[in-house]
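Take a look at the structure below.
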Amino acid sequence: MLSEEFEGYCHCDGYVAYQNIPGLTVVGCWAHMRRKFVDASGDKGQAAIGVAYCNQLFALERRFENLSTAERKWQRQIQLKPILEEFWEWLEQLPVLAKSKLGQAVAYGRHLKEELMRVLEDGRLALSNNLAERKIRSLTIGRKNFLFSKSELGATTNAIVYSIMETAKANGLNPYSYLCRLLTDLPNLPFRQQPELIETYMPWAQGIQDFCK
């Protein structure tokens with residue numbers, strides 16, 4: 001659940017609801033774009049060209065992996081942007097049947113062109129949202145067991161707890177140890193009067209790193 005004060009980039013798969021959330025700048029996912037062409041493999045010639053364009057982008061991104069964000073942005077302008085421009089020129093001129101798999105892939109790309117080009121704006125942005133999807137996989141598997149929350153408040157609480165756990169794992173912590181530390185310490189801290197105390201309990205804080213690895 002997004003905070004009302006949040007403003008920034010959101011990597012997503014093109015789900016239309018994200019387009020209408022205030023404060024979000026949506027970043028399209030090239031893995032989903034590639035998947036659309038793979039699904040259209042019945043049209044081997046044109047679909048294969050689409051897959052090849054996407055493969056070129058991901059191959060370049062692997063070369064940029066260890067660059068600083070500023071250098072990555074610069075290299076994307078030099079190397080990625082020409083491929084993207086060539087891709088869009090090809091896509092815009094491609095004759096397709098609207099209801100075919102290839103037609104759906106083309107429509108997807110044309111509709112999300114601005115979002116898919118956004119990766120050029122900032123070196124911190126990713127070419128796909130695969131990382132986020134991998135992080136929520138444990139939630140989606142669990143959902144088959146608990147099916148749904150009984151209330152909106154319960155759903156909000158679930159979202160908070162899952163976010164804490166995934167952030168802990170992303171920072172190399174033992175999630176159970178981290179949660180125990182939070183539940184043990186925070187009720188006894190005057191962090192409402194001294195909000196800066198909460199910073200010492202962030203997953204990347206040195207004391208937490210030492211205790212919860």
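The values are calculated or read from the model by the stated rules, or taken from the named source; none is laboratory data. It should be emphasised that the depicted structure is a prediction, and the values quoted were computed from it without experimental measurement. So basically every Cβ, Gly included, is an ideal-geometry build from the backbone, and we count neighbours across all protein chains shown. Surface accessibility is based on the protein's heavy atoms, side chains included, excluding ligands, DNA and RNA. Shrake-Rupley method; radii C 1.70, N 1.55, O 1.52, S 1.80 Å.
Quick look at the numbers
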read-out	value
Per residue accessible area of the stretch 19-125, 1.4 Å probe, in Å²	56
Solvent accessible area, Å² - residue 92, 1.4 Å probe, full protein context	90
Folded to 0 to 90 degrees: helix 175-185 orientation relative to the chain principal axis, Cα	40
Stokes-Einstein D in µm²/s, Kirkwood radius over Cα pairs - the stretch 1-95 at 25 °C with 0.890 mPa s viscosity	160
Residue-averaged 222 nm ellipticity for the chain, from DSSP H runs of 4+ at -39500 (n - 2.57), nearest 500	-16500 deg cm²/dmol
Mean Cβ neighbour count within 10 Å, used as a protection proxy, ranking 59-72, 186-199 highest first	59-72, 186-199
Residues with amide H under 5 Å from that of residue 11, placed H, sequence gap 5 or more	27
Set 73/213; 73/113; 36/113 screened for pairs whose C-alpha atoms are more than 26 Å apart	73/213
Surface accessible to a 1.4 Å probe, residue 39 within the full protein complex, Å²	90
Interchain or long-range residues, amide H under 5 Å from residue 174's placed H	213
Rg ratio (alpha-carbon, reference 2.2 N^0.38 Å) - the stretch 8-62	1.36
Accessible area of the chain belonging to carbon and sulfur atoms, whole % at 1.4 Å probe	55
Ratio Rg/Rh, restricted to the chain and using Cα atoms, in which Rh is the Kirkwood radius	1.05
Residue 110 - accessible surface, heavy atoms, 1.4 Å probe, Å² rounded to 10	90
The chain: angle of helix 152-170 to the longest principal axis, Cα-based, in degrees nearest 10	80
Nearest-ten-degree value, helix 81-92 long axis tilted from longest Cα axis of the chain	60
Radius of gyration and maximum dimension Dmax of the stretch 51-126, Cα, Å	13.7, 43
Two-site label geometry, residue 201 and residue 97: point separation in nm, points 7 Å out along Cα→Cβ	6.0
